[in-house]
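Student: This is the structure, below, for whatever I ask next.
The values are calculated or read from the model by the stated rules, or taken from the named source; none is laboratory data. Just so it is clear, the model here is predicted, and its values are computed rather than measured. With ideal geometry, Cβ positions are generated from the backbone for all residues, glycine too; neighbour counts draw on all protein chains shown. Just the protein is used for accessible areas: all its heavy atoms, side chains included, with ligands, DNA and RNA removed. Shrake-Rupley method; radii C 1.70, N 1.55, O 1.52, S 1.80 Å.
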Amino acid sequence: MSSKPIHALAQKLNADLAAGGSVVPSLLSQRGLRAYFPSQGILGQSAEARGSRINATIGTAFEDDGSPLSLECIEAMLLTPPDSFLYAPSQGLPALRARWREMLFEKSPSLLGRTCSLPVVTSALTHALYVTGLLFLDPGDTVILPDLYWDNYELIFQEGCGARLKTFKTFRGRHFNVPALERQLGGRGEKKIVLLNFPNNPTGYTATEEEALALRDVLLRAAEGGKRLLVILDDAYFGLVYEKGVYRESLFGLLANLHPNLLTVKLDGPTKEDYVWGMRVGFVTYGMQGAGAPHYQALEAKTAGLVRMTISNANNMGQHLLLQAFAHPDYARQKQVKFATLEARYRRIRQILRRHPEYRESFAAMPFNSGYFMCVRPAGVLADALRRLLVAEYQTGAIVQSGLLRLAFSSVPLDRLDELFANLDAAVRQLKATT
Ligand SMILES: Cc1ncc(COP(=O)(O)O)c(C=O)c1O
């Protein structure tokens, strides 16, 4: 970390964040305190020169007629306006940010009447997680999360930010383990960072309506008790919920304006929501009770500063494509069709598990109700030995994590699911017979 004094622009943002006695500055990491958007450098000077008859400020190339200087062979393939050859702003395309926020309110009606920042565009969720880590995590800080989590959190938060992951058991019986989270929120340390991911990777579990409210209450109690909380919501698989009674909105609606000691940051994007894994566009959005425009704008500026620091700006063609897709008259229907494809696989798995009680001798299905995945706990055999046998002799691939086998039904055709589970059962029986 630099030993230079904090930049004047960062100081200004910190002052904005502190307005009204807000706890936000005390949640920021050292790097977060130093972060600022360089609005007075090249970007600021370019902005001032915008519209000049001769504009020699911009580090992109233009033809003599003022259009982007681009290769005709790429232009011929272009599905978006020629402007998408240029850089997007580090904050993201204004129209996309506005539209995504509008869609957040449509997707989570509990947000109505509440406030949140404009989303800042990142290079998909991985980058959104990293930027959040940079902004809020100092080396040695602890992130509290369930023990079944996406393994890339280790690289991002531990290796990338020097933080520690402190886990609690995800399930208590067949339920999300809200009491275990509450226990972790007790104890010493005024600043607590919590990471929740629903629908979850790897379990495919989303909190039920009851559990979502219980999570809210636990976090509220901690905030009322004086803890300063940052809650990170990884909403990568938002919307893929297949059962009644499961919380269908983002927890953001419940948490965004809950208490002035609780800052919620929602990380989401089209990667899984809109089935565009390689597009690399994501969003970071903040919500906090008592936060006003200066707080939100300062958080957006710091976040955009870290986007500028790490990738300069996110994929412009991807952002344009998304804007076009969201305005497409058939967007909602097509999304429903893709959802139905995944839902049908989910229902088939439920049916297979019901029709084959004998499979319970070989494996137990963990709770699942949403997302791309489900997990099974092999009975009496080691998960990795099972995985290797499945690949070697059954032409069947699965992922081992924490003694479980993760099955991505998102990538298995409906008519292969029976075979997948039959193979699992047969492989467990074979292993048991030979060991
Ligand atoms: C829980 C979770 N969060 C984030 C990501 C990363 O998403 P992206 O591809 O948008 O970076 C994944 C991808 O697998 C994930 O499972």
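Student: If you scan segment 87-104, which residues turn out to be open to solvent by less than 40 Å² (accessible area, probe 1.4 Å) and part of a loop (DSSP other than H, G, I, E, B)?
Tutor: Within segment 87-104, 88, 90, 92, 93 meet the criteria.
Student: To continue, here is another question. I'd like to verify a number: residues in segment 105-138 that are more than 16 Å from the ligand (Cβ to nearest atom), of a type outside the set (A, V, I, L, M) and not in a loop (DSSP other than H, G, I, E, B), how many?
Tutor: 6
Student: Out of (1) in the same structural domain as residue 202 (by TED's automatic domain parsing); (2) surrounded by fewer than 17 Cβ atoms within 10 Å (Cβ to Cβ); (3) in contact with a Ser or Thr (Cβ under 7 Å, 6 or more places away or on another chain), the odd one out for residue 57 is which?
Tutor: With respect to (1) in the same structural domain as residue 202 (by TED's automatic domain parsing); (2) surrounded by fewer than 17 Cβ atoms within 10 Å (Cβ to Cβ); (3) in contact with a Ser or Thr (Cβ under 7 Å, 6 or more places away or on another chain), residue 57 is out only on (1).
Student: So in segment 34-49, with the set limited to residues that are of a type in the set (A, V, I, L, M) and surrounded by fewer than 20 Cβ atoms within 10 Å (Cβ to Cβ), which one is modelled with the highest pLDDT?
Tutor: 49
Student: Something else: Give the residues of segment 255-282 that are near the ligand (Cβ under 10 Å from one of its atoms) and part of a strand (DSSP E or B), sorted by residue number.
Tutor: 267, 268, 282 - these are the residues of segment 255-282 that are near the ligand (Cβ under 10 Å from one of its atoms) and part of a strand (DSSP E or B).
Student: Give the residue that is nearest to residue 59 (Cα to Cα), with candidates limited to residues of segment 282-308 that are open to solvent by 40 Å² or more (accessible area, probe 1.4 Å) and in contact (Cβ under 8 Å) with a residue 24 or more places away in the chain.
Tutor: 308
Student: Next up: So in segment 365-396, with the set limited to residues that are small (Gly, Ala, Ser) and more than 23 Å from residue 343 (Cβ to Cβ), which one is surrounded by the most Cβ atoms within 10 Å (Cβ to Cβ)?
Tutor: Top of the filtered list is 383.
Student: Does residue 3 satisfy the condition of being open to solvent by 60 Å² or more (accessible area, probe 1.4 Å), more than 28 Å from the chain's Cα centre (by Cα) and hydroxyl-bearing (Ser, Thr, Tyr)?
Tutor: yes
Student: Oh, and also: Please indicate, with yes or no, whether at least one residue in segment 142-159 is within 16 Å of the ligand (Cβ to nearest atom), open to solvent by 40 Å² or more (accessible area, probe 1.4 Å) and among the hydrophobic types (A, V, I, L, M, F, W, C).
Tutor: Within segment 142-159, one or more residues are within 16 Å of the ligand (Cβ to nearest atom), open to solvent by 40 Å² or more (accessible area, probe 1.4 Å) and among the hydrophobic types (A, V, I, L, M, F, W, C).
Student: From the set of residues in segment 6-27 that are out of contact with any Pro (no Cβ under 8 Å at 6 or more places or on another chain) and among the aliphatic types (A, V, I, L, M), which is surrounded by the most Cβ atoms within 10 Å (Cβ to Cβ)?
Tutor: Only one residue fits best here, namely 13.
Student: Return yes or no: is residue 266 surrounded by 19 or more Cβ atoms within 10 Å (Cβ to Cβ) and either in contact (Cβ under 8 Å) with a residue 24 or more places away in the chain or within 22 Å of residue 236 (Cβ to Cβ) (or both)?
Tutor: Considered against the rule, which asks whether it is surrounded by 19 or more Cβ atoms within 10 Å (Cβ to Cβ) and either in contact (Cβ under 8 Å) with a residue 24 or more places away in the chain or within 22 Å of residue 236 (Cβ to Cβ) (or both), residue 266 comes out as yes.
Student: Just checking, which of 70, 123, 84 is surrounded by 14 or more Cβ atoms within 10 Å (Cβ to Cβ) and more than 27 Å from the chain's Cα centre (by Cα)?
Tutor: Just a single option satisfies the conditions, and that option is 70.
Student: Next question, about the same structure. In this structure, does residue 16 turn out to be among the acidic types (Asp, Glu), under 28 Å from residue 323 (Cβ atoms) and not in a strand (DSSP E or B)?
Tutor: Judged against the criteria, residue 16 is not a match.
Student: Let me ask something else. Checking residue 30 against (1) in the same structural domain as residue 302 (by TED's automatic domain parsing); (2) exposed (fewer than 14 other Cβ atoms within 10 Å of the Cβ); (3) in contact with a helix residue (DSSP H, G or I) (Cβ under 8 Å, 6 or more places away or on another chain), which test does it fail?
Tutor: (3)
Student: Now for a separate question. Which condition from (1) out of contact with any Asp or Glu (no Cβ under 9 Å at 6 or more places or on another chain); (2) within 14 Å of the ligand (Cβ to nearest atom) is the one that residue 306 breaks?
Tutor: Only one criterion is unmet by residue 306, namely (2).
Student: If you don't mind, another one. Against the conditions (1) in a helix (DSSP H, G or I); (2) under 22 Å from the mean Cα position of the chain (by Cα); (3) not basic (Lys, Arg), where does residue 229 fall short? Just the number, please.
Tutor: (1)
Student: Quick one: which residue in 182, 249, 243, 211 is more than 16 Å from the ligand (Cβ to nearest atom), more than 22 Å from the chain's Cα centre (by Cα), open to solvent by 10 Å² or more (accessible area, probe 1.4 Å) and not basic (Lys, Arg)?
Tutor: 182
Student: Determine which single condition residue 206 fails, assuming it passes every other condition in (1) of a type in the set (Val, Ile, Thr); (2) within 16 Å of the ligand (Cβ to nearest atom); (3) open to solvent by 10 Å² or more (accessible area, probe 1.4 Å).
Tutor: Unmet for residue 206, out of (1) of a type in the set (Val, Ile, Thr); (2) within 16 Å of the ligand (Cβ to nearest atom); (3) open to solvent by 10 Å² or more (accessible area, probe 1.4 Å): (3).
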